[in-house]
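Q: Structure incoming, see below.
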């Protein structure tokens, strides 16, 4: 099936989210129409916040009026084939970015699988859909500090997390995972949901095509609202607060704009079909972030480096994604500084000048 063409309608789930808002912005810039989902109680605010953010990033009010639509889905709808069939009506592509789990508990895996399954069933019932891009996670391959002395590839699956969370193995048998806490459940949920996607394609043979994107720690400018997820680490650091340090594991990093570009390419490139793709540019550690901020803002108080804040030693083969991006990723320094600038522009952080 051909990839989507200009002026296609693309459903973006969880459109107010950090990554999803960037994906929507990229789609609008590329001439597509966007139907974003959010909670029904958030529609008015989402319309206001996103339109302001998109306008600030070069999208005219006329384009937004014509090309941006936001629809509400409540908690139960996220697991309903019927609800997703309504949302997908007339759509050409799907960017499923939202993770439909509010609490990372024992039910997270079942919920993630149920959500993915019913969305795929709904997509199969929608004859216009050509591509389904699913946002997985680099943790679906391995989760630090479960280090292996070889390069991780997209052929790897995080079987350690699955064995503990799904198969009932004792975490004592996987001591490296103990520090990961609830992220073990998150990783297992991502593994099982992503596998369901590929199994569905093999068994059901729908007319649409599947691409999965596996982002690592994502940094870069925040388009609206207060920072959450990983940009929140930079926000806290700028407040001289690193209470998060014991919950952060060595990983690779990626700029949110590169993640958005890979999601867009997943809709448009034939060579991505049926495959997994890392969104990961290189290793990082909290101490790297501290060094970048100290250099750029020498007058700002930044926490001291700490043991365990070194960069990840695990290697990933990101050569395929590197090629898709023309051999160039946005680097960690630019990601960190652009994150800070996006927060400073909205008076969320106070910082003097920049070297």
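Q: Being at pLDDT 95 or above and part of a loop (DSSP other than H, G, I, E, B) is the filter; apply it to segment 323-354 and report the residue that is nearest to residue 262 (Cα to Cα).
A: 325
Q: Would you confirm whether or not segment 276-289 contains a residue that is farther than 16 Å from residue 219 by Cα, in contact with a helix residue (DSSP H, G or I) (Cβ under 9 Å, 6 or more places away or on another chain) and either in contact (Cβ under 8 Å) with a residue 60 or more places away in the chain or not in a helix (DSSP H, G or I) (or both)?
A: Yes, that holds for at least one residue.
Q: While we're here: Restricting attention to segment 174-183, does a residue exist that is under 25 Å from residue 264 (Cα atoms) and either touching a residue at least 12 places away in the same chain (Cβ under 8 Å) or not in a helix (DSSP H, G or I) (or both)?
A: No: zero hits.
Q: While we're here: Tell me yes or no: at least one residue of segment 311-322 is at negative phi, in a helix (DSSP H, G or I), crowded, with 21+ Cβ neighbours inside 10 Å and free of Cβ contacts under 8 Å to residues at least 60 places away in the same chain.
A: Yes, there is a match, as at least one residue in segment 311-322 is at negative phi, in a helix (DSSP H, G or I), crowded, with 21+ Cβ neighbours inside 10 Å and free of Cβ contacts under 8 Å to residues at least 60 places away in the same chain.
Q: Let me confirm something: among 154, 162, 191, which residue is farther than 17 Å from residue 215 by Cα and touching a residue at least 24 places away in the same chain (Cβ under 8 Å)?
A: Answer to the check: 162.
Q: Moving to a separate point now. For segment 290-300: of the residues being assigned to a helix (DSSP H, G or I) and in contact (Cβ under 8 Å) with a residue 24 or more places away in the chain, which is surrounded by the fewest Cβ atoms within 10 Å (Cβ to Cβ)?
A: For segment 290-300, the residue satisfying everything is 295.
Q: Turning to a different aspect of this structure: Go through segment 15-66 and count every residue that is at pLDDT below 95 and not in a helix (DSSP H, G or I).
A: 4
Q: Here's a follow-up. Looking only at residues that are in a loop (DSSP other than H, G, I, E, B) and touching a helix residue (DSSP H, G or I) at 6+ places or on another chain (Cβ under 8 Å) in segment 256-274, which one is surrounded by the fewest Cβ atoms within 10 Å (Cβ to Cβ)?
A: Result: 274.
Q: Give the number of residues within segment 203-255 that are part of a helix (DSSP H, G or I), in contact with a strand residue (DSSP E or B) (Cβ under 9 Å, 6 or more places away or on another chain) and touching a residue at least 60 places away in the same chain (Cβ under 8 Å).
A: 2
The values are calculated or read from the model by the stated rules, or taken from the named source; none is laboratory data. On a predicted model such as this, the values are computed, not experimentally measured, just so you know. Positions of Cβ are backbone-derived with ideal geometry, glycine not excepted, and every protein chain shown enters the neighbour counts.
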